[in-house]
Amino acid sequence: MSKTSLYIALACVLAACTSEEDAVRVELAALAPSPAPADNPFSEAKFELGRHLFYDVRLSLRENVACASCHRQELAFTDGQATSIGSTGQRTRTNAMSLVNSGYAATLTHANFVLTSFERQVLVPLFGEDPVEHGLSGREALALERLRAEPRYEALFAAAFPEGWGLQSVVLALATFQRGLVSARSAYDQHLAGDDREFSEAAARGEQTFRARGCPTCHGGFFFSSAMAREAVPPQSFELAVRPSAKPAGIELLTGDEGDRGRFKPPSLRNVALTAPYLHDGSLATLEDVLAAYDIAPEDRHDVLAFLESLSDYALLEDARFADPWR
């Protein structure tokens, strides 16, 4: 992220700190919704409709899977599994990435750098067949019939799409909700605002080690990912995974270039302490395992863990704006 972009991001995030000696915790403003395309501008009505659709199992073949099944709020919109289970019981190939702040990214998935917008990406879980996730391919009419039968949707769709709605409206609303999943209220953000009461000395030492070890090469910038800035250029922003692969993996599956074997999108480290297990295949169970795999010295791991934990936005986990509206 360029310095200009970083300053713009910070301006969106950081509120002024009170000067009173006994001041309460600095109140940080939420990030604005990430940039939206001209043909799907952000609106609160679409966001609220999208929130309902995101948590609705009607959008799966067997009415047993919602978007929220693999992206749970209490886990920073991941699912706690190595790979996820779709409506028919088939598992995905990769770990469910956090959706938080992903609208700021240049590309959205572990290893498909052509999926650069939510409007395109959301079609994959809804209608993809390899693997099957929601299982709606060829059953679009059934999905719309189910939605039209739910009384609550009449007003929600009318507010978001007064000209009428159909399957494309579902896609646009889901994209809008995901674009609005933003987070920047962690102890580290408090630290950036000048309040270190929740940013420990161990976290400060851990940040120094993190930077000294060159971690920002892949996990730099405001979002702690070289691929989490709109100016990042995929696939160049994809990096070699910690574990080599003996067979085609990562963006090699798209490019056909053996030099791209094992290159994946570096995920954002924001909220990383909440999103176990780790790596594209969920093969490392804990952050301790990750630090060991990257050869962080045992005597430094406590501090680096403290730093990574300082990136957790715990308010996100209970934010009613992002919560299940069907409860």
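The values are calculated or read from the model by the stated rules, or taken from the named source; none is laboratory data. These figures come from a predicted structure and were not determined experimentally. Here Cβ is always computed from backbone atoms with ideal geometry, including for glycine, and neighbour counts include all displayed protein chains. In case anyone asks, the SASA skips ligands and DNA or RNA and just uses the protein heavy atoms, side chains included. Shrake-Rupley method; radii C 1.70, N 1.55, O 1.52, S 1.80 Å.
Quick notes
- The residue pairs whose first member lies in the stretch 174-195 and is within 18 Å of MET228 (Cα to Cα), whose second member is open to solvent by 20 Å² or more (accessible area, probe 1.4 Å) and among the acidic types (Asp, Glu), and whose beta carbons are closer than 6 Å, counting only pairs six or more residues apart or on different chains, are ALA175/GLU119.
- Odd one out for SER310, checked against (1) over 20 Å from GLU207 (Cα atoms); (2) open to solvent by less than 20 Å² (accessible area, probe 1.4 Å): (1)
- Of all residues in the stretch 184-240, those being surrounded by fewer than 16 Cβ atoms within 10 Å (Cβ to Cβ) and of a type in the set (Asp, Glu) number 4.
- Any chance ALA202 is over 30 Å from PHE127 (Cβ atoms) and in a helix (DSSP H, G or I): yes
- Tallying residues that are out of contact with any Phe, Trp or Tyr (no Cβ under 9 Å at 6 or more places or on another chain) and assigned to a loop (DSSP other than H, G, I, E, B) within the stretch 166-182 yields 1.
- Of residues in the stretch 168-202 being touching a Leu at 6+ places or on another chain (Cβ under 6 Å) and polar (S, T, N, Q), the one farthest from GLU309 (Cα to Cα): GLN178
- Spans of helices (runs of 4 or more DSSP H) in the stretch 65-165 with at least 1 residues basic (Lys, Arg), modelled with pLDDT of 95 or more and surrounded by fewer than 20 Cβ atoms within 10 Å (Cβ to Cβ): 118-121, 140-148, 151-160
- Residue match in the stretch 295-311 (condition: assigned to a helix (DSSP H, G or I), farther than 24 Å from LEU108 by Cβ and either of a type in the set (Gly, Ala, Ser) or within 19 Å of the chain's Cα centre (by Cα) (or both)): yes
- Within the stretch 286-304, being closer than 23 Å to ASN95 by Cβ, touching a helix residue (DSSP H, G or I) at 6+ places or on another chain (Cβ under 7 Å) and open to solvent by 20 Å² or more (accessible area, probe 1.4 Å) holds for GLU288, ARG301.
- Count of the stretch 274-327 residues which are acidic (Asp, Glu) and closer than 13 Å to VAL242 by Cα: 3
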